[in-house]
Amino acid sequence: MGMTISEKILAKASGNKTVHPGEYTIGKIDLAMIHDLTGPLTLRVLREVGYDRPWDIEKVVIILDHQVPANSTVTAQLHKDLREYAKKHGIKNYHEVGRQGVCHQILAEQYVKPGMLVVGADSHTCTLGALGAFATGIGSTEMASVYLTGEMWFRVPETIRCSLKNRLKEGVSSKDIILKIIGSLGVDGGLYCAAEFTGEGVGTLSVDSRLTMCNMAIEMGGKTGIINPDKQTIDYTGVKDAPLKSDPDAAYYKTIEVDLATLEPQVAMPHSVDNVKPVSEAGNVIADQVFIGSCTNGRLEDLEVAAKILAGRRVSPSTRLIVIPASQRIYLEAENRGYLRTFIQAGGVVCNPNCGPCLGGHMGILADGETCISTSNRNFIGRMGSTAAKVYLASPQTAAATAIEGRLADPRKYMRG
Amino acid sequence: MKEIKGRVWLFGNDVDTDVILPGKYLVLTDPKDLAKHALEGLVPGFADRIKQGDIIIAGKNFGCGSSREHAPLALKHAGVGAIVAKSFSRIFFRNAINIGLPVVMSKDARERVSEGETITIDLEGGALVKGNGERIATEGYPDFLLKMLMDGGLLQNLKNKFSKVERK
């Protein structure tokens, strides 16, 4: 019996030839990331332990991303604590304001390689599985333990195979694929599992698109999303080769198939990520705010498709558009390509790279009774501010079309002309 | 670890980390401050009404969403003695054990206990015990996890291991 890519990475990290789902192993960690909201708790635990030097300063990454630049004296202190910790230990992989972005995007651009075992003190660390790594989110005390020991226990997960057939039609994106899958499996349909995206459809998707899918594996309870590396992965990560891949005879706990050719734009309605419908069946949803950004959909490709739809058009007077590129690198490239100008000319606002309003902390928090169409990943009660607000999750294409119309809109009509 | 005994608070499925501890409070790091906002998104005033040692009994997928350890910290320091659920989100489950908050899986508990009744949790025996002595089975832990929980969590383990390391 062969092994899945997840099993191979966990076997390698634990010094075993094979591992099996359900087995407990100790894995050596290749990369450990903290950010400005979970990092300070990790430092608090380290202080309590009385010893705070990381096991390997090359393998730790500290990124300011949730509330950047600092929006209060409390946040400023959190940033200061991380800055001073990085300085104390000579941690070079510290990302200061202006040299950062949403943590998962920074990890994708600069750190993660296929075959790595990656942990981050953020649930969306599963994003990085798109690069053929095993990447998962952990808590702050767990991270303190990783900092001190360089290892962590793992229960080897079962793998759900998400098999993608054919290719997407114009106006439909990988966000629609993952929403469709979560809608089918439910918010706990992948509990403790690895979600492996396979099939001919994966090859047609860019690395940006793959990161979006893996990002939301956690929304069905997944331990990671993961994709076998191919030429695109190798080019993106700059490695020579990426040998760890699922065997043809690997065992899967479950298989779900999605036909990309017949998929239409999807939306997750309040207040659960599995409350998914096609946009065409969602009814009349007035949008007070549209947000394009986050670790799910703040990448260059996302800004490109949104800018194409918004070029020469205006944001509806009845709504407001907030665009937040996921990293400084994307911000600059979007500026070079004129996308930022397009958003501004359309009547939108463009903010500096950070998590923005996704989790209700900064830049676009919702009031009572307001509705936001968002390209982010969670629509829980109170997620983006008021507990009396509503969040609908959709693709950047759908968000851009919605910004023009002021109500939830199918983007496919903007694809011609 | 002392006996876990408390009044039951019943919850449904998929209680997420944003209702347990809304994102706007993630800038807080003192558990006492976090505790004031525990479950604020779902039960306003929960922190004032809970008594030390009360037990949450919920449906499936408790703690889904974020990796924020602030969520189990807020519950623990508000006074929650343990959480029993049909299933837990993976990160929340680990976080709770790491900070010494008992989390117990039971398929039947949600249907067999009532709001406000007092129950006892027998962690090592793998059961919830009702006032009339009726026992409801809970799922076991791997040995190393049970030991970690009985020791008071991962933090305590780290203290034992690293407190003697020479400080730099």
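Rule-based calculations on the coordinates, nothing more; no lab input. Model, not experiment: these values are computed from the prediction. Reconstructed Cβ throughout: ideal geometry from the backbone, glycine too, with neighbour counts over all protein chains shown.
Quick look at the numbers
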| item | result |
| --- | --- |
| Placed amide H near B:W9: partners under 5 Å, 5+ positions off or other chain | B:I55, B:I56, B:I57, B:G116 |
| Amide H partners (placed H, <5 Å) of A:S327, local residues excluded | A:V102 |
| Rg/Rh for region B:73-168, where both radii come from Cα atoms and Rh is the Kirkwood radius | 1.05 |
| Likely footprinting exposure, A:M269, A:M143, fewest C-beta neighbours within 10 Å first | A:M269, A:M143 |
| Per-selection Kirkwood Rh - region A:130-200 (Cα, Å, 1 d.p.) | 14.8 |
| Restricting region A:21-125 to trypsin sites (Lys or Arg not before Pro) in coil, as DSSP defines it, with at most 12 other Cβ within 10 Å | A:K92 |
| Cα pair distances of chain B binned at 10 Å [whole percent] | 11, 40, 35, 11, 2, 0 |
| Alpha carbon convex hull of region A:83-148, projected area averaged over orientations, nm² | 4.7 |
| Distant-in-sequence amide H partners of A:N71 (H built 1.01 Å from N, under 5 Å) | A:A76 |
| Ranked list, fewest to most other Cβ atoms within 10 Å of each Cβ, for A:F134, B:F144 | B:F144, A:F134 |
| For region A:124-281, convex hull of alpha carbons as volume per residue, Å³ | 123 |
| Normalised alpha carbon radius of gyration of region A:269-414 [divisor 2.2 N^0.38 Å] | 0.94 |
| Cleavage-rule hits (trypsin sites (Lys or Arg not before Pro)) in region A:288-325: DSSP loop, at most 14 neighbouring Cβ within 10 angstrom | A:R314 |
| CD proxy at 222 nm, helix term only [per DSSP H run n ≥ 4: -39500 (n - 2.57); per residue of the protein assembly as shown; nearest 500] | -8500 deg cm²/dmol |
| In order through region B:85-92: 3J(HN,Hα) via Karplus (6.51 cos²θ - 1.76 cosθ + 1.60), integer Hz, x for Gly, Pro | 8, 5, 7, 10, 5, 4, 5, 4 |
| Hydrodynamic radius of region A:6-61 per Kirkwood, over alpha carbon pairs, in Å | 13.4 |
| Share of pairwise Cα separations in region B:115-156, more than 14 Å, in percent | 54 |
| Normalised contact order of region A:5-259, rounded percent, pairs of Cα under 8 Å and 6 or more residues apart | 24 |
| With eigenvalues of the C-alpha gyration tensor scaled by 5 and rooted, chain A, Å | 32, 27, 18 |
| Under the Karplus curve 6.51 cos²θ - 1.76 cosθ + 1.60, θ = phi - 60°, whole-Hz ³J(HN,Hα) for region A:239-246, x wherever Gly or Pro sits | 8, 7, 8, 9, x, 7, 9, 5 |
| Pairs of alpha carbons in region A:20-116 whose separation is greater than 17 Å (percent) | 54 |
| Dipole of region A:301-349 [Lys/Arg +1, Asp/Glu -1 at C-beta], most positive-end residue of A:I324, A:F343, A:V305 | A:F343 |
| Low-density loop cleavage sites - trypsin sites (Lys or Arg not before Pro) in region A:146-246, where at most 10 other Cβ are within 10 Å (DSSP) | A:K240 |
| In order through region A:87-100: 3J(HN,Hα) via Karplus (6.51 cos²θ - 1.76 cosθ + 1.60), integer Hz, x for Gly, Pro | 5, 4, 9, x, 7, 6, 7, 10, 10, 6, 3, x, 10, 9 |
